[in-house]
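Report on one structure; see the data block that follows.
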Amino acid sequence: MFVSNKGFLRTALALLLSTSLAFLPAFSAQAKTVYISDETAHKEGYIIIGESHIVLTSDAYERASDENHQITGLNDIYYQWTLDSSLAVDDSGSSNTFTMKGNLFFVFEGNASADADLQTSKEYIYSDGKGNRGAGVTKIHEIIESNPNISHWNIISYHGAVSALQGSEAGKYYVENYKNWISYEFPTSSIYFVSHSTMTKFYKQNRKAYLFDEEIKQAFPSQYFDMTSFYNSRYPQQMMDPNMSPDTIHWTHATYVELFNHVISRIQSEAYTAKCRLLRNRLFLERTRHDSQKAVLY
């Protein structure tokens, strides 16, 4: 059951995500993701990790960016993305090199069959809290290290679309690894988790897929974005294939942008509220201290 969906996801990646080019010698079957600093100071940076949903989202945000590489509807987000064959191609010889620049980055593998096997594995987000880590976690470190111009990082995990088929058991695995993200891998970063669209036809064979998200929600309630209402209100009309034949899981490009615009805006809003609360508390303490000093003088 699990394998058949994984095989389908591989096929979907090849069909939906590859850019058709003249046939090139396949000098690599693995995708390359290249993360470049724009050498501009940014207070906040955003990293989103996932599987084929995030491959599509990386393309969707390039389509949504304006001539200044800004995203309509978001504040202080800059994003440049290119797809070419400079370092890698997929199984059919199409482009499989993804280059990203700005303060928004996406972590995934790509369009080749080997890429799908790697990025859909739960080991992709692995961390034992002792220095052993999965490919996805390694890439997050790579982004942070190559962008010293970004002061603070917000890491958003949308990984687990395939692992959710294993329900609660897989959810517990993710929770234990995410705890190591927080305490060991990225202790100075803010880390968030986004629920999956487990009402779609892709999960029809396993009605317990939602239990995967429940484990993460219970473990990290203040860092968890429950997007169930968002998905329900857009299903199936905003699916990439509303008839779900053959694609039973992916959304339109515009829907991915809408989804993550909502998540990033919430993060920015909550950070601003927390900053205002801290400032108010500081002013209150200073006023109290000042009043106490006056009382002593008189």
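None of the figures in this text is laboratory data; all of them are computed from the coordinates on show. This is a predicted model, so every value here is computed, not measured.
Each residue of segment 83-98 is assigned a 3J(HN,Hα), and the resulting list reads 10, 8, 10, 5, 10, 7, 10, 8, 4, 8, x, 7, 3, 8, 10, 10 Hz, derived from the Karplus form 6.51 cos²θ - 1.76 cosθ + 1.60 (θ = phi - 60°), x at Gly and Pro.
Around H42, which amide H atoms from residues at least 5 apart in sequence, or from another chain, sit under 5 Å from its own amide H, with H modelled in the peptide plane? Counting only residues 5 or more places away or on other chains, the set is I150, S151. Distances between placed amide hydrogens fall under 5 Å for F105 paired with Y46, I47, I48, all partners being 5 or more residues away or on another chain. Taken one residue at a time, the phi angles of segment 163-169 give Karplus couplings (6.51, -1.76, 1.60, θ = phi - 60°) of 4, 4, 4, 8, x, 4, 4 Hz. Gly and Pro are set to x. Remark: segment 40-56, residue by residue, has Karplus-estimated 3J(HN,Hα) of 10, 5, 10, 5, 10, x, 10, 10, 10, 10, x, 10, 4, 4, 7, 4, 5 Hz, where x stands for each Gly or Pro and the curve is 6.51 cos²θ - 1.76 cosθ + 1.60 at θ = phi - 60°. For Y192, the residues whose modelled amide H falls within less than 5 Å of its own, excluding neighbours fewer than 5 places apart on the same chain, are I155, I156, S157.
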